[in-house]
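What follows is a set of notes on a single structure, which appears directly below.
No lab work stands behind these numbers, since they all come straight from the coordinates. Being a predicted model, the structure only gives us computed values, none of them experimental. Cβ placement follows ideal geometry from the backbone for every residue including glycine, while neighbour counts extend to all protein chains displayed.
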Amino acid sequence: MRNRLLTAGLGLVCAAAPILAHHSFAAEYDSTKPIVITGTVTKMEWMNPHIYYYVDVKDQEGKVTNFAVEGGTPGSLYRQGWRKDSLKVGDTVTVDGFKAKNGSNYINGRKVTLPDGRRVFGGSSDDGGPATEGKQ
Amino acid sequence: MRYAAALGLLLLAAIPAAAQRAATDRKAPPKPKPQGAWWYTGEAPPATPGPPDLTGVWLSGASGDLSKFALPGQEMILTPLGKQRYDNVDHAKDPDTYCLPQGPGRQLMSIHPTMILQRPDVIAFLSETQHIFRIVYMDGRDHPEDLADYPEWTGNSIGKWEKDTLVVDTRGINERTWIDTSGHEHSQDLHMVERFHLADRNTLEYITTYEDRVFFVKPFTIKRIFKRQIGDRIMDYACMENEKDIKNLMPTIGENGRR
């Protein structure tokens, strides 16, 4: 319940500023393949047309996979309160997203749980992707 | 049980504060009151003779499926070819995804804002998305005679004032553009007439008629509302700076890829 209410509070804030994608969600990502990853941020790319951040995720055998997570455009995220240091190298994040259809390590990130536990919407909102709180 | 109830109450009491704190953290930093021109602050423009001044930063929201924005009796009806193309459009081929100009109407109907710059003899639309622009010639000229041979991604636009309404006539639109994000295409015959009218100083009505007998049985007219973005500006957008989607695209036909 605590999480739900926290998320609802954040969702309201995030809903104020929609984020644009320059592509159809379904042309790249698979809505039937949700994925939740938790790992360490290795890089942040604050660039157009989407921000990308990279996350090292260790599986049960200790093997590390680096995922590329796609977010919204820098301008739209900036208007929503994101900054280029909202995610820093070394931060631990959890990302709720969807896998790329082509089997690569690309993820469309929808919800991001920041190091301090805050959950925020960080995806693209006009791409026809799965509904997410905060999505327009 | 009592402990559980007490814990529940404690949590309930704690949640609103926690939620509020988290929400506050996530908000954009508080902005100072914008200082600058009237079109930036949203204040009343100086009283001047002539047509209204539409200068400013405006936001429409995504074009979506334009058939859903048609005025009563002005609905979009697809020809057999138009329907066949719409049903089979491949969303992996959306020109927007390839960082190409979206087309004259779609670039205004975006979740990114567009700035209008107005002077008596020319008007410019400067769009954040793709950083593309349109020029509307207001000096009485006609479209170029050879326009059909040299179509443009943003078309060729000439305009005039009808009382307080700006009327923009656009032809010669590159047929590779889509008129909306849901994937409605058009032929080189597409003719657009856009009407811009201030409902109030910070609200712009946009009523546009699309005529293209190859794709649409009859002209149809849509209406959208643009809101002035007080204190906002056109931000950076170099689409190819870090484009990574194109290599991951898969053919995605018709309804499967609508956005």
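For the reader, a short list of remarks on this structure follows.
- Taking θ as phi - 60° and the Karplus parameters 6.51, -1.76 and 1.60, the scalar couplings of region B:118-135 work out to 10, 9, x, 9, 7, 10, 10, 9, 10, 9, 5, 4, 6, 6, 10, 9, 10, 10 Hz in sequence order, x denoting glycine and proline.
- Check: chain B dipole with +1 on Lys, Arg Cβ and -1 on Asp, Glu Cβ, in debye: 1380
- Rh by Kirkwood over Cα pairs, then Stokes-Einstein D for chain B at 1.306 mPa s and 10 °C, µm²/s: 77
- From least to most packed, judged by other beta carbons within 10 angstrom and beginning with the fewest, A:V93, B:V193 follow the order B:V193, A:V93.
- Once the C-beta distance of A:N102 and B:E241 is scaled by a Förster radius of 25 Å, the resulting FRET efficiency is 0.65 to the nearest 0.05.
- Those residues of region B:29-52 whose amide nitrogen sits under 20 Å from the label point placed on B:K160, 7 Å along Cα→Cβ: B:50-52
- The residue list B:A148, B:W38, B:V89 was ranked by how far each Cα lies along the charge dipole of chain B toward its positive end, using unit charges on Cβ atoms, and B:W38 comes out on top.
- Links that overshoot a 27 Å alpha carbon limit, given the list B:K227/B:K247; A:K84/B:K31; A:K33/A:K63; B:K68/B:K244; A:K99/B:K83; B:K68/B:K247: B:K227/B:K247; B:K68/B:K244; A:K99/B:K83; B:K68/B:K247
- Compactness of region B:98-137, expressed as Rg and Dmax over alpha-carbon positions, Å: 10.2, 35
- Kirkwood-based Rg to Rh ratio, region B:111-259, C-alpha trace: 0.97
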